[in-house]
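K.L.:
Please read through the structure below; I'll follow up with questions.
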Amino acid sequence: MNAYKKEWIDLLLRQNYPGWLIADDRNHIFINIPEDQDLEAVMVDFKKKIRSLSLKIKAKPDKLGFFIGNSKDSRFYELNA
């Protein structure tokens, strides 16, 4: 796992999102949200928060994707370096 992705995982884990499971998934980060959370609302909120969180990352930026979802549905969001 590269330093950029590790820093993102550590930062996301410190956010204490309710019920979220955050893990390394090969080239991306996998975020499993609870079944009762609305995926569309989570994605809108995630896209807003990701901008401010990115300012806290010190590692050299690299292309990184986030799979966000649960057993019902999932979405992919990509950050470009």
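The values are calculated or read from the model by the stated rules, or taken from the named source; none is laboratory data. Remember, predicted model here, so these are calculated numbers, not experimental data. All Cβ positions, glycine included, derive from the backbone under ideal geometry; neighbour counts span all protein chains shown. The area values use the complete protein model at the heavy-atom level, side chains included, leaving out ligands, DNA and RNA. Shrake-Rupley method; radii C 1.70, N 1.55, O 1.52, S 1.80 Å.
K.L.:
Residues ILE29, ILE57, ILE9, ILE50: which one is aliphatic (A, V, I, L, M) and in contact with a Phe, Trp or Tyr (Cβ under 6 Å, 6 or more places away or on another chain)?
P.N.:
ILE29
K.L.:
May I ask you to list pairs of residues, at least six apart or on different chains, whose Cβ atoms are under 7 Å apart, with the first in region 55-68 being at positive phi and part of a loop (DSSP other than H, G, I, E, B) and the second being of a type outside the set (Gly, Ala, Ser) and surrounded by 14 or more Cβ atoms within 10 Å (Cβ to Cβ)?
P.N.:
As it stands, the answer is none, since no pair meets every condition given.
K.L.:
If I filter region 59-72 for residues that are of a type in the set (S, T, N, Q) and either open to solvent by 80 Å² or more (accessible area, probe 1.4 Å) or touching a strand residue (DSSP E or B) at 6+ places or on another chain (Cβ under 8 Å) (or both), do I get at least one hit?
P.N.:
yes
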